[in-house]
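Colleague: Here it is, the structure, as structure tokens.
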Amino acid sequence: MENTKVKKKGYGKGWALIIYAFLAYFTATAVGSAMNSASGILAGLRGWSATFLISLISLGSLGNIVAGFVFGKLSVKHSAKKLSLICFVIYLVAMLGLGVTTNLGMFAVCLVFANAISCAIGYQLSPVIIAKWFPKKKGILMGIVTMGIPLCSGIAAMIYNAGYKSMGPLGGFLPFMAIAAVAAIILILFISDDPKDKGFTPDNGEFREVDEEKKEGTKKDSIWTTKKLLTTPQVWVHGITLGIQLLFASGLMVQLYPRLLEIGFDERTAGMMMLASGLLALPGSYISGLIDQKIGARKAACTTYVIGALAMVLNLAGNVVCVWLSLACIGVVVGGAANWPASLCIEEFGDSFANGYGIIQPIIQIVGAIGPAFFAMIAGKTGSYRIPYISGAILMIIGLICFVFLAKPNFVKEEEAKYQNQ
């Protein structure tokens, strides 16, 4: 006999997950964003090279890819909650090391570990939990929680500076450690891998418990092994095409400040606009989530290719109104680039989300890591930041065409159907 539980309204206990995931994404952005300010301060304090310290962020990006792959595969067989807690411990130790060490080599090791592990917490493991709690409402959820990324980008330098002035080198990193500790406590007390363990129904919908004998045989091992994923062309197509949006977002943000100076804005105004661009990505993330919830992740991803190209056209116009509109558009793309990978993998892979996301997300990260070097190379060859922005518009149009015509919907179901018919 089936036992029906009462339908819950609102996000219920899911609010704990929303707050946790928001803090997890904030934490994932903290190291790189804080180093924008910390590099100069620590260079003067320790006698290190500020340029070398900045370059360590790129090395940390390679660590992100490795950590994403490792923890993506571990989350297929092991609890994402337990893996996250292990990562939090490593992160706190690494951040402590950043604050106290006077050895440059040790600082470099700590930075790479802190950056990589924090990205595993935010980008890789939190979506695994979200996929189980909100498989259908993931669009708006991802729109909310990824707001932690631009928020941290906008205020991390101020947080570091305030901490450093109050408590010295370690004090600069302590606020970020405190935020991570709060996230870990929320995870321990209120969140489980399966929402039913907390008395919560996925997506707030009606949950029916069926007889155990009816459950037998319904759960099958996923066909999506690492080998299967790596040998399925559509996995690579989705990873590369979605990675173009991350390449665009990461590469153009690096070029934004000098581009604003080139247009004719003074340093103070350009700095203010840079801060505004990060804050504009906050509503950009939420808007991306709303679009996702209304029309689905696949169609929503198409809109951000168009918005990205539009952002470049507006920026190239050069007048104040168009430049501000371009910043708003870039904010939507930055938000979407963080939303679509998880949301689309939830739609496509369903119960095998951890399997698919564990491979597709690292592919996206690899493509995205090329962004800063790609646009910097164009700027260096041409001697202008105008050409990289033209290239950005072309890139997004190419990305849209490739995504629409090459990234096939329902490829997961088709592959699973082939497997069952063998």
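Quick note: the coordinates plus some simple rules give every number you see, no bench work behind them. Please read these numbers as outputs of a predicted model, since none were measured by experiment. Cβ: placed from backbone, ideal geometry, glycine included. Neighbour counts: every protein chain shown.
Colleague: Compare the Cα positions of VAL320, VAL31, GLN293 along the charge dipole of the chain (+1 at Cβ of Lys, Arg; -1 at Cβ of Asp, Glu; about the Cα centre) and return the one farthest towards the positive end.
Modeller: Ranked along the dipole, the leading option is GLN293.
Colleague: Evaluate the relative contact order of the stretch 12-204 (contact order divided by residue number), counting alpha-carbon pairs under 8 angstrom at least 6 apart; express in whole percent.
Modeller: Taking the mean separation of contacting Cα pairs over the length of the stretch 12-204, I get 38 percent.
Colleague: Between LEU275 and THR226, what is the spin-label point distance in nm, taking each point 7 Å from the Cα along the Cα→C-beta axis?
Modeller: Taking the simple label geometry, LEU275 and THR226 are separated by 4.5 nm.
Colleague: Most exposed first by the Cβ proxy, i.e. fewest other Cβ within 10 Å, how do LEU104, LEU344, LEU400 rank?
Modeller: Details: LEU104 16, LEU344 24, LEU400 21.
Final ranking by Cβ density, sparse to dense: LEU104, LEU400, LEU344.
Colleague: Which links in LYS132/LYS299; LYS73/LYS408; LYS227/LYS294; LYS82/LYS227 stretch past 28 Å when you go from one Cα to the other? Mind showing how you got there, number by number?
Modeller: Working: LYS132/LYS299 22 Å; LYS73/LYS408 24 Å; LYS227/LYS294 34 Å; LYS82/LYS227 25 Å.
Over 28 Å Cα-Cα: LYS227/LYS294.
Colleague: Of the chain, which part is the longest with no GluC sites (Glu not before Pro) in a loop (DSSP not H, G, I, E, B) and with at most 15 other C-beta atoms within 10 angstrom?
Modeller: Of all site-free stretches, the longest is 217-422.
Colleague: Moving on. With +1 on each Lys and Arg Cβ and -1 on each Asp and Glu Cβ, how big is the dipole of the chain about its Cα centre, in debye rounded to the nearest 20? Mind showing how you got there, number by number?
Modeller: Values: 34 positive and 22 negative charges, 35 e Å.
That gives the chain a dipole magnitude of about 160 debye.
Colleague: Still on this model: For the stretch 12-204, with only Lys/Arg (+1) and Asp/Glu (-1) charged at the beta-carbon, what is the dipole magnitude about the Cα centre, in debye rounded to 20?
Modeller: For this selection, approximately 360 debye.
Colleague: What is the calculated FRET efficiency for MET377 to ASP197, with r their C-beta to C-beta distance and R₀ = 30 Å, to the nearest 0.05? Let's see the in-between values first.
Modeller: On the way: r = 50 Å, r/R0 = 1.66.
It comes to 0.05.
Colleague: For the stretch 227-237, just list the computed ³J(HN,Hα) in residue order, Karplus coefficients 6.51, -1.76 and 1.60, θ = phi - 60°, integers in Hz, with x standing in for Gly and Pro.
Modeller: Rounded to whole hertz, the list is 4, 4, 5, 6, 9, 9, x, 5, 5, 5, 4.
Colleague: Given only helices, namely DSSP H runs of n ≥ 4 each adding -39500 (n - 2.57), what is the per-residue ellipticity at 222 nm of the chain, to the nearest 500 deg cm²/dmol? Walk me through the intermediate numbers first.
Modeller: On the way: 17 runs with 338 residues, N = 422.
So the helix-based figure for the chain works out to -27500 deg cm²/dmol.
Colleague: How far apart, in nanometres, would the label points at ALA157 and ASN36 be if each is projected 7 angstrom from Cα along the Cα-to-Cβ direction?
Modeller: 0.5
Colleague: Also, quick follow-up: So which trypsin sites (Lys or Arg not before Pro) in the stretch 105-202 end up in coil per DSSP with only 13 or fewer other C-beta atoms within 10 Å? Walk me through the numbers on the way to the answer.
Modeller: On the way: sites: LYS132, LYS136, LYS137, LYS138, LYS165, LYS196, LYS198; in loops: LYS136, LYS137.
Here the sparse-neighbourhood loop sites are LYS136.
Colleague: Continuing with this model, one more query. Rank these for me by crowding, VAL128, VAL100, VAL321, going from fewest to most other beta carbons within 10 Å.
Modeller: On the way: VAL128 25, VAL100 14, VAL321 9.
Lowest to highest Cβ neighbour count: VAL321, VAL100, VAL128.
Colleague: Assign unit charges at the C-beta atoms only (+1 for Lys and Arg, -1 for Asp and Glu), then state the dipole size of the stretch 226-415 relative to its Cα centre in Debye, rounded to the nearest 20. The partial results should precede the final answer.
Modeller: Details: 11 positive and 9 negative charges, 45 e Å.
It works out to roughly 220 debye.
Colleague: Still on this structure, I have one more. Assuming 0.36 nm per residue, please report the length gained on full extension of the stretch SER79 to ASP351 beyond their Cα-Cα distance. Don't jump to the answer; show the numbers that get you there.
Modeller: Details: separation 272, 0.36 × 272 = 97.92 nm, distance 1.43 nm.
Taking SER79 through ASP351 to full extension adds about 96.5 nm, to one decimal.
Colleague: Karplus couplings for the stretch 178-188 from phi (6.51 cos²θ - 1.76 cosθ + 1.60, θ = phi - 60°), rounded to Hz, Gly and Pro as x?
Modeller: 5, 4, 5, 5, 4, 4, 5, 5, 4, 4, 5
Colleague: Right, here's the next one. Taking θ as phi - 60°, what are the ³J(HN,Hα) couplings along the stretch 125-130 by the Karplus curve (6.51, -1.76, 1.60), each to the nearest whole Hz, with x for Gly and Pro?
Modeller: With coefficients 6.51, -1.76 and 1.60, one gets 8, 5, x, 5, 6, 4 Hz.
Colleague: Taking the chain as a Gaussian network, Cα atoms linked when under 10 Å apart, which of ILE346, ILE117, ILE394 shows the biggest mean-square fluctuation?
Modeller: Greatest mean-square fluctuation among the candidates belongs to ILE394.
Colleague: Can you sort CYS402, CYS345, CYS152 so the residue with the fewest Cβ neighbours within 10 Å comes first?
Modeller: Values: CYS402 15, CYS345 28, CYS152 25.
Neighbour counts put them in this order, fewest first: CYS402, CYS152, CYS345.
Colleague: A further question on this structure: What residue among ALA281, ALA24, ALA108 shows peak mean-square fluctuation when the chain is described by a Gaussian network model with Cα springs under 10 Å?
Modeller: Comparing ALA281, ALA24, ALA108 in a Gaussian network model of the chain, the most mobile one is ALA108.
Colleague: Dipole of the chain (Lys/Arg Cβ +1, Asp/Glu Cβ -1, origin at the Cα centre): which of ILE65, PRO135, ILE240 lies farthest to the positive side?
Modeller: Projecting each Cα onto the dipole axis, the largest value belongs to PRO135.
Colleague: Could you work out the relative contact order of the stretch 226-415? I mean the mean sequence separation of Cα pairs under 8 Å and 6+ apart, divided by the number of residues, in percent. Could you put the intermediate results ahead of the total?
Modeller: Values: 254 pairs, mean separation 77.3, N = 190.
Computed value for the stretch 226-415: 41 percent relative contact order.
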